[in-house]
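Student: So that we are looking at the same thing, I have put the structure below in structure tokens.
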Amino acid sequence: MSTLEDSPFQQRLLNTFWDMADIFFFKRKDGSEAEKLFVDYWFGVEFDDAETNGELANSETELIELLKSFEIPAENPFPAYDFLWAGASKTPGYATNADKCRARWELFRSYGIYKDGYRGTGGTQGNIIVDVPLADGTASKTLFSCHTDSVHRTDGMQQLTFTQHPESGYIIQSDNNECLGGDDGTGVWLMTKMIEAGVPGRYIFHRAEEVGGRGSGWIEKNREDLLQGHERAIAFDRKAKHSVITYQSCSRCCSDEFADDLGGHLMLAAKRYYLERFQAGDETVMYDVQAPVPEERTGWRNVPGARSQKTTTTNQYGYTQTKWEIPKEQYTYTYTPKNEFWETVVERFAPMAPEGVEDYVFSTEEMQTLVQNYANEYPEEMMGLLEEYLKFKEEIWKTDTGGSFTDTANYTDIIPECTNLSCGYYNAHTQSEYQDYAFLEVFLEGLIATPWEELHTSGEVGKPETFERGYQTSGYWGYRDTWIAPSKNILDSASDEEVAKVRRKQQNQKERRKKEREAKKQMIAELGYYDPDEYEMIYGYDEDEWEDAPSDISSFWDDYKPTESEYNTFYMAE
Ligand SMILES: [Zn+2]
């Protein structure tokens, strides 16, 4: 078995981290200086916005000066601009990041990169479009979508942290109290990698998704020609690791057949990816074949038979509190963590136990050897076991009817199959956002292996009446655990039973919110604690807050003008 230190997979993961850090250092709030700088940095400084190939940047010095002009936080684990520009590139094959940028720009140019006519906040210019043709030189019928903006509250650069071990996970987080920007820096990264791999498609890096899908709304209204002829549009703008979105804002955006076809290809590629690593005995996957080790833990419990006693405490603000409580004592217990994959392999390999030994217990090492040999000798059978492995990793692709809104929702009148795929980030739009970057390796391999042009298509391009569109009435979950009900239009045609269910859910949400607010108020009263931000968090919301989904997405977004403070509380968009 190869150890972590010399696992080539581990090295690749680290490269992925450094590569993504290039994006995540920028706080890409819509129209901010950092977003504009990021676009210059990533796509080529000030490339021509006519619909021709742009000129490769020659103002490298200017870009470095811009990067330096941003304030880097005092505590400096990653001096952002040093890393970005001054040559500390960690990506193999490039001596400096300037070289890496240059290579990227050359590649985009070789395919043809252009900006459209969208003009947004702070003078942002254009959705950015790259076309990779099919092998025979004709245009692909697949459109890929992501967005360059994030929900950061402030402008500038941010520090990043990461973990690099199977036990702790392969996780990137930001070091400040804002979001990371995996939503949707990860989409930008994935699409760039797909262009590098030569996957045919029209790649649209949208502007201003988080503030109402304005970039894509503009295309739908003014440049329908960019969408025409496409059979499918795939966004990379969704949390977790398993969603093929079939409904956005309660309206169907793609057929189940298309979603199943796509999910099936991604799963097959994932199994092949993991098969290779199990065959090599790579520690990063072998780690999951591990007998759970029982841990000793401590807890508190009521002293048996004790009666309530009166206690009086005074906090640092001089606030005194008295309560009656049963005295508590500490105790220890043994906890065995669950590992479902271990249970599966133990069951599978039980016949391999030495004969004549009753209830033989496999050691981790024995089982790892068995699994590795099995992967090498019976690869077909191992693919079956890998189905269980994907379940364990929560990487089983499946249809998800709970999409909120992303750019591809604006294209459903023109393109038959529009979806959104999970990108391995969690808690987007909050300060606990994190990105699982190990998942991106396997996901990217699947995206490269998928025969996009051959995927099932329900409906006929150019004939919207043949697209199967309908509604679901179960609503969807937005950010901050906000459940969003279907629009009034949708409920108009729903059964009484469905409407009753929606009203019940709205009522439950209202009551849950009320309880949460009460609990927080009480906590503040007890601690004598007051913080303006906290106060806003607790009292800043309307007591009756619940939302109907927009009945018509495009017109909703066209009319909606969010104010700056809404960037982080805005929960309609992915
Ligand atoms: Zn997003």
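The values are calculated or read from the model by the stated rules, or taken from the named source; none is laboratory data. Predicted, not measured: the structure shown is a model, and the values here were computed from it. Neighbour counts are summed over all protein chains in view; Cβ atoms, including those assigned to glycine, are modelled from backbone coordinates with ideal geometry.
Student: For the range 148-160, enumerate the residues that are assigned to a strand (DSSP E or B) and modelled with pLDDT of 90 or more. Show your work before the answer.
Tutor: Residues of the range 148-160 that are assigned to a strand (DSSP E or B), as a first pass: 150, 157, 160.
Listed by number, the list holds a single entry, 150.
Student: Looking at the range 161-262, what strands (runs of 3 or more DSSP E) fall wholly within it and have at least 3 residues that are touching a residue at least 60 places away in the same chain (Cβ under 8 Å) and within 16 Å of the ligand (Cβ to nearest atom)? Break it down stepwise before answering.
Tutor: Values: elements: 171-174, 201-206, 232-239, 243-245.
Output list reads 201-206, 232-239.
Student: Among the strands (runs of 3 or more DSSP E) contained in the range 384-502, which hold 2 or more residues that are over 17 Å from residue 265 (Cα atoms)?
Tutor: Working: elements: 398-400, 417-426, 434-436, 483-485.
Qualifying strands (runs of 3 or more DSSP E): 417-426, 434-436, 483-485.
Student: If residue 263 passes every condition in (1) surrounded by 19 or more Cβ atoms within 10 Å (Cβ to Cβ); (2) in contact with a helix residue (DSSP H, G or I) (Cβ under 7 Å, 6 or more places away or on another chain) but one, which one does it miss?
Tutor: All conditions pass for residue 263, except number (2).
Student: Give 401, 364, 412, 430 a once-over and let me know the one that is surrounded by fewer than 22 Cβ atoms within 10 Å (Cβ to Cβ) and closer than 30 Å to residue 142 by Cβ. Steps first, please.
Tutor: On the way: 364 fails: closer than 30 Å to residue 142 by Cβ; 412 fails: surrounded by fewer than 22 Cβ atoms within 10 Å (Cβ to Cβ); 430 fails: closer than 30 Å to residue 142 by Cβ.
Sole residue among the options that is surrounded by fewer than 22 Cβ atoms within 10 Å (Cβ to Cβ) and closer than 30 Å to residue 142 by Cβ: 401.
Student: Another question about this same structure. Kindly check whether there is at least one residue in the range 384-405 that is modelled with pLDDT under 95, touching a Pro at 6+ places or on another chain (Cβ under 9 Å) and of a type outside the set (Lys, Arg).
Tutor: Yes, some residue in the range 384-405 is modelled with pLDDT under 95, touching a Pro at 6+ places or on another chain (Cβ under 9 Å) and of a type outside the set (Lys, Arg).
One line per residue, one yes/no per condition, for (1) aliphatic (A, V, I, L, M); (2) over 41 Å from the mean Cα position of the chain (by Cα):
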{"residue": "308", "(1), (2)": "no, yes"}
{"residue": "311", "(1), (2)": "no, yes"}
{"residue": "325", "(1), (2)": "no, yes"}
{"residue": "331", "(1), (2)": "no, no"}
{"residue": "339", "(1), (2)": "no, no"}
{"residue": "348", "(1), (2)": "no, no"}
{"residue": "361", "(1), (2)": "yes, no"}
{"residue": "373", "(1), (2)": "no, no"}
